[in-house]
Amino acid sequence: MALVRAVNREYAILRFYRKFLNFEYVKYLIFDPAALPIITIFILLFELMLNVFVIEKVPYTEIDWKAYMQECEGFLNGTTNYALLKGDTGPLVYPAGFVYIYSILYYVTSRGQNIHLAQYIFGVIYLLQLWLVLRLYSKSRKVPPYVLIISAFTSYRIHSIYVLRLFNDPIAILFLYASLNLFVDRYWFWGSIFYSLGVSTKMNILLFSPALFFFYLTNVGWLKTIQQLFVCAVVQLILGAPFLFTYPIEYLKSSFDMGRVFDHKWTVNYRFLPKPIFENKYFHLTLLVMHLLMLFMFVKPTMTYFQNYARLRELEKQFQPQLDKQNTKIRQTKPKKSKKSRSSKQQLESKDELTRDQQAFIKSFEKSLQRTSGLKEHKKIDSEERLGQQNLAIHFDQCTQLALTPFFITNFIGVVFARSLHYQFYVWYFHSLPYLAWSTPYSLGTRYLLLGLIEFCWNTYPSTYFSSVILHLCHFVLLAGLGYNVYKTLYQSNTSQRQQDEKTNESFDDNQLNQLNSSISLEKTKKKNN
């Protein structure tokens, strides 16, 4: 008996070695997006150690933390007039959610004195947000794991913003990514609440609002869209109630001030402009018009992506019970698994067909996925089999790309045409940059160059004419690539649809011709008989 156990143990070790400790599996972990759920564990563990090291070894830099504490102290002392809530850096300019969150931090950190504890709290916020980001990347299977590893570990500026500066931007972005995860999981109510919490922490979350509106519309319809917008509005009213009932004008004017003028000395993107132009209202208006025009150009792709995302989610809802039943059969009869998997998939695909335009779009979209991911088709299939050897599965979550692409592009457009970008604003779009770069038709070298130059610009302090110009250039090149790719996908889908229509018409004409020939021959036969 002991001998049998020893043999089984040795066999299990040998099988583990052959399956995991080999070059092919290592290559799979590094290059295949399907391996990201596994790599996520190692990224989070390494980031945990890295953040502890940064907190313990790198000196903390005071910028806004004391001012935040002073502003919240005024509120905690009973002041609800936003015009009177001020700190060393100026008046309070953030909505009510910010006040409540930093009031909690005020008490937890001994009235803001225990900054070391606050750093560790922000370290937890960083890890939680990174997990939410990687969860979306894992679902979409778009970006290779090594890209995200390099991106996460090499950004000094991002780690600095979180654990060395304690800005409120990371908290707002945390709420945002929580809402995106809830939206792709179809939790509309909670997604709306977390999105509104993000807006109440900092207004930059509103950059996602155009995409969110169309996402609601295509997934839940007009009635539920109004309901979800109402949920967002109610959250804002509840949070702002103490200020709205006492000094509403001061609250709205200070916390939602769209015309606030930024300080030129902190700008990252417009250092090359003279201060009078930088503060000119006509310059701000020009940027706003360009922002709106660019959003308008992406309306059609956004609607198309979201419509097909909603359709695929409906197919998932219909297919999943059948997949579960088939997996039960597979577990009962393992030797026949491969044949049943193929036949069941064919049956599932034949039971619910996409419309012509959706088939054309998905076909061109899949080609775009294969081209931009840099993976060959057989490698993707191998990875599916590697992850799901015992179960039949269709990775519907990959359609998450159809949801994330419009969201990230919409936010990126807002960043490109922002009146000013300060160093803490980097978190607004940093975690979406690898996804955006891999959504362009550029070569791998060009993508790495764009990401590297953007990181260089954000790490240049103080900003220079050169760094500002390079940042704008990288932004415009990236935006041009995104526009080219999404419109090329739409063009390919329209072309495929026309080809399908032509084939259908040709088939219809051939049928008509055959029917005509049959009727002529039938008439000739009748005449001969007569």
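The values are calculated or read from the model by the stated rules, or taken from the named source; none is laboratory data. Please read these numbers as outputs of a predicted model, since none were measured by experiment. Cβ placement follows ideal geometry from the backbone for every residue including glycine, while neighbour counts extend to all protein chains displayed. Side chains included, ligands, DNA and RNA excluded: accessible areas come from the protein's heavy atoms. Shrake-Rupley method; radii C 1.70, N 1.55, O 1.52, S 1.80 Å.
Can you tell me how many residues in the range 47-67 are part of a helix (DSSP H, G or I) and within 29 Å of T154 (Cα to Cα)?
Result for the range 47-67: 13.
Looking only at residues in the range 136-149 that are farther than 28 Å from L212 by Cβ and not in a loop (DSSP other than H, G, I, E, B), which one is least open to solvent (accessible area, probe 1.4 Å)?
P145
Just one of the numbered conditions (1) open to solvent by 20 Å² or more (accessible area, probe 1.4 Å); (2) within 15 Å of F167 (Cβ to Cβ); (3) outside any loop (DSSP other than H, G, I, E, B); (4) touching a helix residue (DSSP H, G or I) at 6+ places or on another chain (Cβ under 8 Å) is not true of E71; which one?
(1)
Is it true that F306 is of a type in the set (F, W, Y), assigned to a helix (DSSP H, G or I) and open to solvent by less than 40 Å² (accessible area, probe 1.4 Å)?
Spelling it out, F306 is indeed of a type in the set (F, W, Y), assigned to a helix (DSSP H, G or I) and open to solvent by less than 40 Å² (accessible area, probe 1.4 Å).
Go through the range 163-177 and give me each residue that's open to solvent by 20 Å² or more (accessible area, probe 1.4 Å) and aliphatic (A, V, I, L, M).
Within the range 163-177, L174 is the sole residue that qualifies.
Quick check: anything in the range 18-31 at pLDDT 90 or above, open to solvent by less than 90 Å² (accessible area, probe 1.4 Å) and under 26 Å from V163 (Cβ atoms)?
no
Of the numbered conditions (1) surrounded by 22 or more Cβ atoms within 10 Å (Cβ to Cβ); (2) within 24 Å of V220 (Cβ to Cβ); (3) of a type outside the set (A, V, I, L, M), Y435 fails exactly one; give the number of that condition.
Every condition holds for Y435 apart from (2).
In contact (Cβ under 8 Å) with a residue 24 or more places away in the chain and hydrophobic (A, V, I, L, M, F, W, C): does that describe F213?
no
May I ask you to list the residues in the range 185-203 that are open to solvent by less than 10 Å² (accessible area, probe 1.4 Å) and farther than 18 Å from I101 by Cα?
G191, S192, listed by residue number.
A152 fails exactly one of the following numbered conditions: (1) modelled with pLDDT under 95; (2) crowded, with 21+ Cβ neighbours inside 10 Å; (3) aliphatic (A, V, I, L, M); (4) closer than 24 Å to E73 by Cα. What is the number of that condition?
Unmet for A152, out of (1) modelled with pLDDT under 95; (2) crowded, with 21+ Cβ neighbours inside 10 Å; (3) aliphatic (A, V, I, L, M); (4) closer than 24 Å to E73 by Cα: (4).
For the list (1) over 30 Å from P462 (Cα atoms); (2) under 29 Å from the mean Cα position of the chain (by Cα), I need the number of the one condition that T286 fails.
(1)
Mind listing whichever residues of the range 100-126 are assigned to a helix (DSSP H, G or I) and in contact (Cβ under 8 Å) with a residue 40 or more places away in the chain?
Correct list: Y100, I101, Y102, I115, H116, A118, Q119, Y120, F122, G123, I125, Y126.
Of everything in the range 264-319, what is more than 24 Å from L471 (Cβ to Cβ) and of a type in the set (V, I, T)? Give them in sequence order.
Once the filter is applied, which keeps residues that are more than 24 Å from L471 (Cβ to Cβ) and of a type in the set (V, I, T), the range 264-319 yields V299, T302, T304.
With the requirement that a residue be without any contact (Cβ under 8 Å) to a residue 40 or more places away in the chain and aromatic (F, W, Y), what does the range 65-99 give you?
Hit for the range 65-99 is F75, nothing else.
Checking the structure you have, find out if any residue of the range 475-486 is in contact with a Cys (Cβ under 7 Å, 6 or more places away or on another chain), modelled with pLDDT of 95 or more and crowded, with 17+ Cβ neighbours inside 10 Å.
No, every residue in the range 475-486 fails to be in contact with a Cys (Cβ under 7 Å, 6 or more places away or on another chain), modelled with pLDDT of 95 or more and crowded, with 17+ Cβ neighbours inside 10 Å.
Could you please find all residues in the range 440-459 being touching a residue at least 60 places away in the same chain (Cβ under 8 Å) and either open to solvent by less than 50 Å² (accessible area, probe 1.4 Å) or in contact with an Asp or Glu (Cβ under 8 Å, 6 or more places away or on another chain) (or both)?
Answer for the range 440-459, where residues must be touching a residue at least 60 places away in the same chain (Cβ under 8 Å) and either open to solvent by less than 50 Å² (accessible area, probe 1.4 Å) or in contact with an Asp or Glu (Cβ under 8 Å, 6 or more places away or on another chain) (or both): T440, L451, E455, C457, W458.
Return the only residue of L92, L36, L105, L84 being under 20 Å from Y247 (Cα atoms) and buried (at least 16 other Cβ atoms within 10 Å of the Cβ).
L92
Spot the failing condition for F298; the list is (1) surrounded by fewer than 16 Cβ atoms within 10 Å (Cβ to Cβ); (2) within 29 Å of the chain's Cα centre (by Cα), and only one is missed.
(1)
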